[in-house]
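All remarks here apply to the structure that follows.
The values are calculated or read from the model by the stated rules, or taken from the named source; none is laboratory data. The model shown is predicted, which means the values in this text are computed figures rather than measured ones. Cβ atoms come from the backbone with ideal geometry, glycine included; neighbour counts cover every protein chain shown.
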Amino acid sequence: MIISELEETLKEEARLFLNRARGLRPPHTEDLFARRAYIAPEDVYVENYPRRRPLAAFNPGAVVEGEVVHLFPRLVFDYYSYASAIGHATLPLEDLLSGRIPKPLPVRILLYPTELFEAVRGCEDARAHRREGGYAFFYTGVGKLGDARNTDSKDVFTALLSLAEFDEAFQLKRKAPIRIGLSGEETGFTLYLPTKNATFLEGDHILLRPSLTGLPDLCWRGRLNLKTLKAYELKPILAPEAFEYKVGWSTNALRLPDGTYLVAYHGILRHDLSYRHGFMRLSPEGRPLGLSHYLLAPQGLAECYGDRPLTLYGNGLLLHGETLVFVGGVGDYAMGVFTAPLEEVLKRVAPL
């Protein structure tokens with residue numbers, strides 16, 4: 001099998017899925033979430049970079065440990081190139097939920113462009129996880145790999161799903177882009193596809209969103225060889241509806257007390273280009289168990305007006321007692337904290 005045949009295999013699977021998997025969701029929005037806090041870029045103080053105030057601080061990954069939240073916001077300092085880095089901040093969970101955000105909020109840059117696959121627009125949109133021996137997050141490296149490597153123009157680049165691993169002290173141990181293959185074996189063809197929106201499930205199972213030319217983006221599950229960073233056994237599990245341009249995964253997958261996982265997805269609506277979010281319940285291996293309509297959508301001036309209007313973009317999903325906490329980007333300029341009763345969200349996740 002040559003590389004083009006590998007991509008065509010994925011395309012054919014996507015086409016077959018699109019033909020049978022639409023019509024599960026209505027365009028209905030029922031916003032269940034309370035607005036707890038906004039963190040604007042002027043509220044952030046960067047401690048380890050000469051420029052202390054970013055122009056934008058948004059799309060934060062989040063990990064909770066006990067009563068402390070780790071935030072991993074995407075930082076942009078220059079709009080003419082929109083190059084991103086990923087920072088780290090900590091604060092008490094109760095302060096985050098009550099809106100008692102330190103001003104300024106101290107942030108240190110953890111991840112910034114150093115490699116070819118990040119060298120155009122940097123490091124974007126962390127999906128953070130606590131892992132044995134430290135932390136790991138999926139992120140998007142925007143640079144040159146694959147076909148983009150063959151041009152001198154900085155306007156030609158590839159957005160590649162990447163993984164960064166840190167020790168307990170947040171010292172970087174490894175970062176690299178993820179390749180796509182059909183199996184987890186060392187042998188066999190692989191390719192770099194534009195891919196985003198990944199999260200760990202149980203063991204080596206993951207969710208991800210590859211982009212295939214000529215097809216709308218849809219949500220997939222798969223497995224990841226952590227040694228070789230090769231994703232394989234990809235299967236589509238959520239398709240865009242007729243009222244959407246595309247769908248993607250919005251947050252990390254949250255393990256619930258019964259062992260299933262809850263993850264937010266987003267759809268981009270055709271009628272206004274807004275990003276709206278619903279929820280899917282999954283088995284530990286990523287098999288769909290339940291699906292909701294939209295339960296969170298942009299509203300009001302703070303959420304509808306920004307560098308990208310009508311955009312809420314989730315990255316972090318936490319559980320605090322019986323409260324579901326959604327931490328995300330607002331308008332591609334700021335961070336927002338949103339909460340809803342877990343019971344009310346799960347009531348609206350209809351079995352599949």
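Taken over segment 310-332, the criterion of being touching a residue at least 12 places away in the same chain (Cβ under 8 Å), over 15 Å from A37 (Cβ atoms) and either loosely packed, with under 15 Cβ neighbours inside 10 Å or among the hydroxyl-bearing types (S, T, Y) (or both) is satisfied by T311, Y313, E322.
With Y45, Y82, Y38 as the choices, which residue is assigned to a loop (DSSP other than H, G, I, E, B), surrounded by fewer than 20 Cβ atoms within 10 Å (Cβ to Cβ) and touching a residue at least 24 places away in the same chain (Cβ under 8 Å)?
Only one candidate qualifies: Y82.
For G66, the conditions (1) over 22 Å from V345 (Cβ atoms); (2) at pLDDT 95 or above; (3) surrounded by fewer than 17 Cβ atoms within 10 Å (Cβ to Cβ) all hold with the exception of (2).
So which residues in segment 196-223 are under 23 Å from R15 (Cβ atoms), assigned to a loop (DSSP other than H, G, I, E, B) and not aliphatic (A, V, I, L, M)? Listed by number, the residues that qualify are S211, T213, G214, P216, D217. Quick check on my filter: what residues within segment 159-203 are at pLDDT below 95, crowded, with 21+ Cβ neighbours inside 10 Å and of a type in the set (S, T, Y)? Of everything in segment 159-203, just one residue is at pLDDT below 95, crowded, with 21+ Cβ neighbours inside 10 Å and of a type in the set (S, T, Y), namely T195. Does segment 328-352 hold any residues that are part of a strand (DSSP E or B) and out of contact with any helix residue (DSSP H, G or I) (no Cβ under 8 Å at 6 or more places or on another chain), and which are they? Matches in segment 328-352: G328, G329, M335, F338, A340, P341, A350, P351.
Within segment 48-73, the set of residues being touching a helix residue (DSSP H, G or I) at 6+ places or on another chain (Cβ under 7 Å), in a strand (DSSP E or B) and farther than 17 Å from T199 by Cβ comprises A56, A57, V68, V69.
How many residues, within segment 243-301, are among the aromatic types (F, W, Y) and in a loop (DSSP other than H, G, I, E, B)? Summing the residues that are among the aromatic types (F, W, Y) and in a loop (DSSP other than H, G, I, E, B) in segment 243-301 gives 1. Got at least one residue in segment 13-31 being loosely packed, with under 14 Cβ neighbours inside 10 Å, of a type in the set (V, I, T) and either outside any loop (DSSP other than H, G, I, E, B) or modelled with pLDDT under 95 (or both)? Within segment 13-31 (the criterion being loosely packed, with under 14 Cβ neighbours inside 10 Å, of a type in the set (V, I, T) and either outside any loop (DSSP other than H, G, I, E, B) or modelled with pLDDT under 95 (or both)), the answer is no, since none of the residues qualifies.
All conditions but one from (1) under 18 Å from K175 (Cα atoms); (2) in contact (Cβ under 8 Å) with a residue 24 or more places away in the chain apply to L96; the one that does not is (1).
Of all the criteria given as (1) of a type in the set (V, I, T); (2) within 30 Å of V156 (Cβ to Cβ); (3) over 18 Å from the mean Cα position of the chain (by Cα); (4) surrounded by 20 or more Cβ atoms within 10 Å (Cβ to Cβ), the one not satisfied by T114 is (4). Quick one: is D78 more than 22 Å from F137 (Cβ to Cβ), at pLDDT below 95 and either among the polar types (S, T, N, Q) or over 18 Å from the mean Cα position of the chain (by Cα) (or both)? So D78 fits the description; yes. Under the condition of being out of contact with any Asp or Glu (no Cβ under 8 Å at 6 or more places or on another chain) and more than 22 Å from A198 (Cβ to Cβ), the residues counted in segment 293-337 number 13.
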